[in-house]
Structure formats: structure tokens, C-alpha cells
Amino acid sequence: MEPTPATAARTAAARHNRAAEPAPVNHGDRLTTDPADRRKRANAALLELVVTRATRER
């Protein structure tokens with residue numbers, strides 16, 4: 001199914017006007033490719049999040 005000229009113009013305009021959102025960046029992933037190290041950092045970040053939320057609730 002071919003797009004009609006009106007549809008093609010709308011999609012082109014939408015693509016042009018859409019703000020480019022940068023991809024989320026995890027700076028820690030650049031440090032290593034070792035899965036065990038990434039897992040340790042992820043667990044540490046989750047623990048920090050849990051502790052932060054627990055202190056807010058009290």
C-alpha cells in the first residue's frame with residue numbers, strides 16, 4: 001500500500017518537527033564490559049535507591 005501525498009507530507013513534517021531526544025546514558029556501562037562488575041554496580045544502585053526511599057518514608 002502506497003502512502004498518499006497527504007500522508008507522506010504529514011509524516012515528513014512530523015519527523016522534521018519532532019525534537020531529537022538523546023538516548024539515556026548509563027555512564028557506568030562505559031567503565032567495563034564485565035557482566036559481574038555491571039551486576040555489582042546495579043545491585044549497589046538498587047540498594048542505594050531502597051535506602052533513600054526508606055529514609056524518606058520515615
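Key figures for this structure:
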{"item": "Failed item in (1) in a loop (DSSP other than H, G, I, E, B); (2) at pLDDT 70 or above; (3) open to solvent by less than 90 Å² (accessible area, probe 1.4 Å), with ALA45 passing the rest", "result": "(1)"}
{"item": "Meets criteria (open to solvent by 90 Å² or more (accessible area, probe 1.4 Å) and modelled with pLDDT under 65) for ARG38", "result": "no"}
{"item": "Qualifying residue in the stretch 19-29 (condition: assigned to a helix (DSSP H, G or I), under 17 Å from the mean Cα position of the chain (by Cα) and modelled with pLDDT of 85 or more)", "result": "no"}
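The values are calculated or read from the model by the stated rules, or taken from the named source; none is laboratory data. Being a predicted model, the structure only gives us computed values, none of them experimental. Quick note on the areas: whole protein, heavy atoms, side chains included, nothing else; ligands and nucleic acids left out. Shrake-Rupley method; radii C 1.70, N 1.55, O 1.52, S 1.80 Å.
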